[in-house]
1. Residues to consider are I116, I72, I76; find the one that is open to solvent by less than 60 Å² (accessible area, probe 1.4 Å), in contact (Cβ under 8 Å) with a residue 12 or more places away in the chain and not hydroxyl-bearing (S, T, Y).
2. Inside region 79-93, can you point out the residues that are of a type outside the set (D, E, K, R) and either open to solvent by 30 Å² or more (accessible area, probe 1.4 Å) or under 12 Å from L12 (Cβ atoms) (or both)?
3. When you check V47 against the structure, is it closer than 26 Å to L120 by Cβ, open to solvent by 30 Å² or more (accessible area, probe 1.4 Å) and touching a residue at least 40 places away in the same chain (Cβ under 8 Å), yes or no?
4. Determine which single condition L77 fails, assuming it passes every other condition in (1) at pLDDT 90 or above; (2) outside any strand (DSSP E or B).
5. Identify all residues within region 24-35 that are closer than 17 Å to S52 by Cα and out of contact with any Asp or Glu (no Cβ under 6 Å at 6 or more places or on another chain); write none if there are none.
6. Looking at I34, I72, I27, which is the one that is closer than 21 Å to A100 by Cβ and not in a loop (DSSP other than H, G, I, E, B)?
Amino acid sequence: MVPAAGNNGRLLEVKDLRIHFYTGSGIVKAVDGISYGLKPGQTLGVVGESGSGKTISSLALLRLVPRPGRLISGEILFEQENLIAKTEKEMISVRGKKIAMIFQNPAYSLNPIYSIGAQLGEIL
């Protein structure tokens, strides 16, 4: 069963998400203004080179950005509720029950030597 979407028809909407890491060497802008939306039943694939912010942006959906990372700005709306505004206690009722993350298995990751098209075509 797919949860109902809100008025705009989107189950998940990420708006201008920015996550920075404050280090001794300076500020690292790990995620710098991504936005996307998903309707029920849609799938989103995120592809990018190592260090491009794929994992951090996904962890932000669950409010699990590790220190010294900080969510600087943006909105994460799930079923029309702002996940950024939720308390940790409220997020516990969301994580694993409504939203979950399937972590990448390095043994099955894409090979950087071959094109993504060739690798996905092999699967199909």
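1. Numbers: I116 fails: open to solvent by less than 60 Å² (accessible area, probe 1.4 Å); I72 fails: open to solvent by less than 60 Å² (accessible area, probe 1.4 Å).
When all the criteria are applied, what remains is I76.
2. Looking only at region 79-93, we keep the residues that are of a type outside the set (D, E, K, R), and these are 80, 82-85, 87, 91-93.
The answer is Q80, N82, L83, I84, A85, T87, I92, S93.
3. Working: closer than 26 Å to L120 by Cβ: yes; open to solvent by 30 Å² or more (accessible area, probe 1.4 Å): yes; touching a residue at least 40 places away in the same chain (Cβ under 8 Å): yes.
Judged against the criteria, V47 is a match.
4. (2)
5. Step one: filter region 24-35 for residues closer than 17 Å to S52 by Cα, giving 27-35.
If the condition is that a residue be closer than 17 Å to S52 by Cα and out of contact with any Asp or Glu (no Cβ under 6 Å at 6 or more places or on another chain), then I27, V28, K29, A30, V31, D32, I34 are the ones that fit.
6. On the way: I72 fails: closer than 21 Å to A100 by Cβ; I27 fails: closer than 21 Å to A100 by Cβ.
Being closer than 21 Å to A100 by Cβ and not in a loop (DSSP other than H, G, I, E, B) holds for just one of I34, I72, I27, which is I34.
The values are calculated or read from the model by the stated rules, or taken from the named source; none is laboratory data. Please read all numbers here as calculations on a predicted model, not as lab measurements. Note that each Cβ is placed from the backbone with ideal geometry, even for glycine, and that neighbours are counted across all protein chains shown. These accessible areas exclude ligands, DNA and RNA; they are computed on the full protein's heavy atoms, side chains included. Shrake-Rupley method; radii C 1.70, N 1.55, O 1.52, S 1.80 Å.
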